[in-house]
Amino acid sequence: MAVDTVSMDKIVSLCRRRGFVFPSSEIYGGLGSTYDYGHYGVLLKNNIKARWFEAMILERDDIVALDSAVILHPRVWEASGHVEGFTDPLVDCRTCKLRFRADKLDDSQCGRKPSKHPGEFSECDLTEPRQFNLMFETTVGPVQEEGAKAYLRPETAQGIFINFKNVLQIARRRPPFGIAQIGKSFRNEITPGNFLFRVREFEQMEMEYFVPPAESERWYRYWIDERVNWYLRYGLRKSRLRVREHGPEERSHYSQGTSDIEYMYPIGWSELEGVANRGDFDLTRHTEFSTTKLEYVGPEGERYVPHVIEPAVSLERIIVAILVDAYDEEVVGERERTVLRFHPEVAPVTAAILPLIAKDDGMVSKARSLYENLRKRQSVEYDDNGAIGRRYRRQDEIGTPWAFTIDEQTLSDDTVTVRDRDSLAQERLPIGGVRGWLDDALERDWKTPKGD
């Protein structure tokens, strides 16, 4: 019987066991909340990014792509408010020597007595809160001096705003239109944790949608719906998603509306993606600090600073949500099976090619030939290591939707068995029709068998 809940520990264990994610610098004792992606993790990441890129750019004609620099001019971060205001309140405990966010003490554990929160144990000795800037500083050039100070970007959005004029001129777009990019961002988080959920180095997928001021509310609502539908399209259950609109006290000072698309993680309801109506704050600030006008001038002479709608998400949070939603345990034939029920277009491996007997030259030859034929178009894997049942279980754990097995019958009639990951149903088809069958299978609508 399948289970519908999963702990973060199980996700971490599977990711390590199957080579999705490893702790970074592990042979040196590790570096807190930094991770390296193994083969299947890289394939999963690339598939998620490809689906996002398709939805944002390839399937639309009103959004263009950008890849801005990681290190920008320091004035960019003064204009954006990050130098002055991108801070968290920090307290230190003089007893256990740990640091905590002052506004998250109720979510933290005392270093000496984990059953209590910091400040509740008799031995706690907390300092007064002080502001801690979350940006990583670096130095540009060979000499470390004040004028050489720069920052690793804490978000990708500012690279879009400072290129607004370039894109407007070259891409021949008029509002409403968007600029999208995928790239690394860095935040010196005080309390990172919960596996990939909060890390110091992460990959963002952001889009800034520039609209006429009077249309900003309509487009804000539009992009909330679009992004929720994208998650449903790629397999997340509706019951595990919700939209939570921020109250006035939560919103940034420039925000005219902010909503979190939340997912029911093992740690509870938490932000998966944010959608914000940023108004004209960003373009206005960069105009002020750079003295370069960032505005739209229409063919009839109309002139205005567009408002901006921003859907922004960390790729790592999508990965965790997809892993959690896909994870299943069930008993099949009196044996427990762990399976990742990925959407086929997200799964790291689309299909596995398995010779029933690894030492049979005829089976191996036909399996290798099929593998070479399929790998030109799909992410497929050849696997002849171990008993066939063990190989099926291994492919289930990495989320491979289909497995094609070459057996004795293949040698006589050139048919193969295809096994479905979710239903475990098997059927035979001609080996020459496998590529077409796989193409058709990827075009079919897919819905998680775990329900809504």
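Exactly one residue out of 358, 403, 347, 441 is closer than 28 Å to residue 323 by Cα, aliphatic (A, V, I, L, M) and without any contact (Cβ under 8 Å) to a residue 60 or more places away in the chain, and it is 403.
The condition (being open to solvent by 40 Å² or more (accessible area, probe 1.4 Å) and closer than 29 Å to residue 157 by Cα) is satisfied by just one residue among 136, 121: 136. With a requirement of 1 or more residues that are open to solvent by 30 Å² or more (accessible area, probe 1.4 Å) and farther than 30 Å from residue 344 by Cα, the strands (runs of 3 or more DSSP E) lying completely within the range 233-283 that satisfy it span 241-245. Note on the range 284-300: among residues that are touching a residue at least 12 places away in the same chain (Cβ under 8 Å) and β-branched (Val, Ile, Thr), the one that is surrounded by the most Cβ atoms within 10 Å (Cβ to Cβ) is 287. Among residues of the range 22-57 being at pLDDT 95 or above and aliphatic (A, V, I, L, M), the one that is farthest from residue 331 (Cα to Cα) is 57. Of all the numbered requirements in (1) assigned to a loop (DSSP other than H, G, I, E, B); (2) within 30 Å of residue 182 (Cα to Cα); (3) polar (S, T, N, Q), residue 46 misses one, and that requirement is (1).
Every test in (1) assigned to a loop (DSSP other than H, G, I, E, B); (2) buried (at least 22 other Cβ atoms within 10 Å of the Cβ); (3) not basic (Lys, Arg) is passed by residue 416 save one, and that test is (1).
Exactly one residue out of 331, 324, 320, 308 is within 24 Å of the chain's Cα centre (by Cα), in a strand (DSSP E or B) and aliphatic (A, V, I, L, M): that is 308. It is to be established whether one or more residues within the range 421-433 are open to solvent by 20 Å² or more (accessible area, probe 1.4 Å), in contact (Cβ under 8 Å) with a residue 60 or more places away in the chain, of a type outside the set (D, E, K, R) and closer than 24 Å to residue 10 by Cβ. Looking through the range 421-433, at least one residue is open to solvent by 20 Å² or more (accessible area, probe 1.4 Å), in contact (Cβ under 8 Å) with a residue 60 or more places away in the chain, of a type outside the set (D, E, K, R) and closer than 24 Å to residue 10 by Cβ.
The values are calculated or read from the model by the stated rules, or taken from the named source; none is laboratory data. These numbers were taken from a predicted model, which means no experiment stands behind them. Please note: Cβ atoms are built from the backbone with ideal geometry, for glycine as well, and neighbour counts cover all protein chains shown. Accessible surface is based on the protein model in full, side chains and every heavy atom, while ligands, DNA and RNA are left aside. Shrake-Rupley method; radii C 1.70, N 1.55, O 1.52, S 1.80 Å.
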